[in-house]
Structures are given as C-alpha cells and as structure tokens.
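A quick write-up on the structure given underneath.
All of the numbers you see were taken from the coordinates with simple rules; none came from a lab. None of the values given here were measured: they were computed from a predicted structure. All Cβ positions, glycine included, derive from the backbone under ideal geometry; neighbour counts span all protein chains shown.
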Amino acid sequence: MPADSGAQPGDSSLRSSAQTAANLPPDELPEDNIIGIRSKCPHFRILIIGRANAGKTTILKRVCDSVKEPEIYDVNGKKVYPTTLRGEHNIENQMIFKSNPGFIFHDSRGFESGTVEETERVKNFIKTRAASSTLAEQLHAIWYCLPMADTTRPFLKADEDFFDLEGVGNVPVIAIFTKCDGLLTEVCGNLMADHQGMDPSELNTKGKEKVEEVLTNRFKELQKHHFGPAAHVYTQGDNVHSDEGYAECAKKLVQVTAGAITSEALQLLFVSVQCNNLDLCTFYAIKRFALTTAY
Ligand SMILES: Nc1nc2c(ncn2[C@@H]2O[C@H](COP(=O)(O)OP(=O)(O)OP(=O)(O)O)[C@@H](O)[C@H]2O)c(=O)[nH]1
Ligand SMILES: [Mg+2]
C-alpha cells in the first residue's frame, strides 16, 4: 500500500463492505457522504485480468489519462520495479498512476490454459479480498480484458471458467474487448468479398456495425455463465495513443462500471476518485441531488 494511502491493512475501523451493507447493523453501515467514505477508503480497488499483451496497461493509461507507466508497490507499500517479461505480474502488487492516484489496480494475466498456478492465485486473491472486513482492502470491481485479435477463437475455455467462479458474485465484472481492429479488418474483408465495389466509407460504417453486432453476441455468450459480466466495452482503432475511439472506450468503461456498482456508497467513492471525467461526476451529482430531494 502506498505511503500516502491513509488506511492500514487490517484497520478494524474500516468496517464492512458496502457491497454487503444490507447485512450490517445500522451503526456499522458505511457513511453516505463522500468525506466519510473517503476517510475510510481513499482508493477504489480494481483487478484487471487479461492474457499477456491483451492491452491491460494501455486501457488503464487511457482511463487515468497517463502516458507514463504506473508505479508499483508491494503489499507493504514498498516500491517495486516491474519485470520486463510480458505477462509477468504479481497480483498482490498495487499499481498506481500518478495522474490519478484514487485508483489502485491489481494486474493478472488471468486464466491462460496451463497456468494452474495463476488461476489459483486469482481465485485466492478474490476470495481473500472478499473476506476482508475493511472496505479499503476489498476488491471493488474487476475489468476482464479479452483480446479479439484471434477472431476464430475469441474466448479460451479458461476465460469462460472465470465467469462461473464462485466468489466473484459480489464484485461487478466488466468485459473489455480489446484489439477489435483485427476483427474490423476481417469483417471488412468479408464485406468486400460479398459486395465488390462498395464505397469505402460505406464499407467502414457497415464494418463497424457488424463488429458491434459480433461483440454484442459474444457478450451475451459470456452472460450465460453464472457470474457473467455486468457490461461490456470495446476498443476501437489501432492507434491506441491518438485514436478517439480508444479514448471513447475508456470513458465508456468508467460509465458502465459506475452503473454496475450496486452499493450507493461505493458508487460515490468510484465517482469521487475520477480526476478526468467531469461528465460522470456531474451526472451522479445531479442524480444524487434528484434522489435526495424527491423524498
Ligand atoms: N492494434 C492494437 N494494439 C493494441 C490495442 N491495445 C493495446 N495494443 C498494443 O498491444 C501491446 C500490448 O499492450 P499492453 O497494454 O502493454 O498489454 P498488457 O496486457 O498490459 O501486457 P502485459 O503487461 O505484458 O501482460 C502494446 O504494443 C499496445 O500498444 C488495440 O486495441 N489494438
Ligand atoms: Mg501490462
């Protein structure tokens, strides 16, 4: 945990999960004002899962509006230096972007076939965090990156197994379809073959529509699992640094995550840690005002 986090692991004053607030006596419920919540839980904690090279760090950089690599801390708050090997991450480590220190990210290459050890680590991590009695130590959301570059095999069996995993139930999971430009190229190739001489702008529009349809169907497939994702987003464009579509994806990811959080206290926390999304803050401020003045 970074030195400036304010909260200490195991701090018994940070009582309870807002996700399970309904089971708590009234005096232990999380505060419903943002100063109270932030004093108990200064960070919003997200686990990002995805194969090596899936685009995890890229999407986090867009969400946190950073061009720099994140800083990494071990569980004791000691700074660690990342390995240069792709996909090698310690899920317990905490990644923080200086541009948006309200988020703590945990990084995992997930459920790749054959990596039983990592699978167990992810399961244990989720289980332990779920059992934590402090809001600050709990996991608040999971972002699951699924690269669409391999169009013939969009999901590995191991990925699908994740969405049947007991214990994930309380934490909202958002599916992020990454590297969709590969899918768009393939779809446009098929369209060109079927409609020779199609106008390039029409081809592009129709291609994008088709990609959206394919991804919606893939999302529906995932939703058939016991703990399917609450929502999905997808990256657009191959220039991740300048494409507007990529920035749009990051913005939508934040919006759908806010919408998927069922606890009002956690939703307030999530909205409050946004440094870069004024629209979202305004939307939830108005919504909250409307709800409180309606009674
Ligand atoms: N074409 C394309 N490239 C992408 C996209 N997203 C990320 N990339 C590129 O894919 C490469 C890997 O991206 P990262 O964000 O580092 O992937 P990662 O999942 O963090 O990888 P590890 O940390 O090694 O597990 C980089 O070169 C990115 O620029 C995308 O949507 N389309
Ligand atoms: Mg990475």
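Of note:
- Cα-Cα over 21 Å, subset of 123/157; 157/224; 56/208: 56/208
- On the principal axes of its alpha-carbon atoms, segment 160-214 has extents of 52, 17, 16 Å, going from largest to smallest.
- Enclosed volume per residue, in Å³, of the convex hull spanned by Cα atoms of segment 32-161: 133
- Separation of the residue 185 and residue 248 label points, Cα + 7 Å toward Cβ, nm: 2.1
- Stokes-Einstein translational diffusion, segment 157-279 - Kirkwood Rh over all Cα pairs, 1.002 mPa s, 20 °C, in µm²/s: 131
- Over 25 Å between alpha carbons, listed pairs 179/206; 40/127; 40/98; 98/127: 98/127
- Pairs of Cα atoms nearer than 8 Å and 6+ residues apart set the relative contact order; for segment 88-246 it is 20 percent.
- Extent along principal axes [Cα atoms of segment 124-165; Å; largest to smallest]: 43, 16, 11
- FRET E, pair residue 99, residue 264, Förster distance 35 Å, beta-carbon r, rounded to 0.05: 0.80
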